[in-house]
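Right, one structure below, let's go through it.
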Amino acid sequence: MPRTETIIFRLSQTDMENRFITNPKITEYIDGFYRPLTPGLGKLRDESEAAGIPVILRDTEKFLITMLTMIGPKRVLEIGTATGFSSSCFACALGPDAEVVTIEKDRTMAETARANIERLGYSATIDVVCGDACDEIVKLDGTFDFVFIDAAKSHYLEFWNAAFEHVECGSVIVCDNILMRGSTASDEYDSSRRRHRTSIRRMRAFLESITNDERCVTSLLASGDGISVSVVR
């Protein structure tokens, strides 16, 4: 009898471990269903990844496209452009009647994004703004139905506060990479040996802030590298 109880405990532990979405086998299985929205976007993803430039993960991309399809926003604000891949996905999914404003601090990267966006045919839909996000957001007019934050992780709260001045009831704010490869959840996943300690501490403070912000309803999801989804009340 004692031996049977031990076996059951071990199986339960294994089952629990396999439930995590970050399990490599599960991620590989889910990614097997991935199809780029267009051949051009597929090529841009391949080019970005080959160059070592981070773009949204495949399951994150599909999640965002599904959300955008449900919500149908007319104005989207993105903080963190990189190669222009995610903003181009948004433009592709929403069509020519939508407006996407994306802010990139690095001038060289902003120029690269503009070139990629033009090559893909989304220049009329996407406006690439070069500059510090907090400085540029205050210059924007009107409100946005959807906000996507995917820039410097240690400044998420600053980006959130700036963007919140341009949302209204029903607007959705999504933040990517909130788990920072697990290090946000536990120090044991911090492989940088404390090099990113400040970023981790600030991300934890950010999540504490938005989950207690009564102006919105927020969920934290263990998809990709972690996603927060907030709906403004």
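The values are calculated or read from the model by the stated rules, or taken from the named source; none is laboratory data. What you see is a predicted model; the values in this text were computed from it and never measured. Please note: Cβ atoms are built from the backbone with ideal geometry, for glycine as well, and neighbour counts cover all protein chains shown.
For the reader, a short list of remarks on this structure follows.
- Conditions (1) free of Cβ contacts under 8 Å to residues at least 24 places away in the same chain; (2) more than 30 Å from N23 (Cβ to Cβ); number of the one not met by S171: (1)
- Tabulated pairs, the range 33-55, first among the hydroxyl-bearing types (S, T, Y), second part of a loop (DSSP other than H, G, I, E, B) and surrounded by fewer than 14 Cβ atoms within 10 Å (Cβ to Cβ), C-beta under 6 angstrom, 6+ apart or interchain: none
- The residue that is surrounded by the fewest Cβ atoms within 10 Å (Cβ to Cβ), among those in the range 122-144 that are among the small types (G, A, S), in contact (Cβ under 8 Å) with a residue 24 or more places away in the chain and under 20 Å from C89 (Cβ atoms), is A124.
- Within the range 23-36, the set of residues being surrounded by 15 or more Cβ atoms within 10 Å (Cβ to Cβ) and in a loop (DSSP other than H, G, I, E, B) comprises P36 only.
- Some residue of the range 202-218 being under 23 Å from C89 (Cα atoms) and surrounded by fewer than 18 Cβ atoms within 10 Å (Cβ to Cβ): no
- Some residue of the range 52-70 being more than 30 Å from D141 (Cα to Cα), at pLDDT 95 or above and surrounded by fewer than 18 Cβ atoms within 10 Å (Cβ to Cβ): yes
- Residues within the range 117-140 that are in a helix (DSSP H, G or I) and either aliphatic (A, V, I, L, M) or more than 15 Å from G80 (Cβ to Cβ) (or both), tallied: 6
- Scanning the range 71-99 for residues that are of a type outside the set (G, A, S), under 13 Å from the mean Cα position of the chain (by Cα) and either within 19 Å of G142 (Cα to Cα) or in a helix (DSSP H, G or I) (or both) yields a total of 6.
- If you filter the range 169-192 down to residues that are of a type in the set (D, E, K, R) and more than 19 Å from L68 (Cβ to Cβ), you find that the one that is modelled with the lowest pLDDT is D190.
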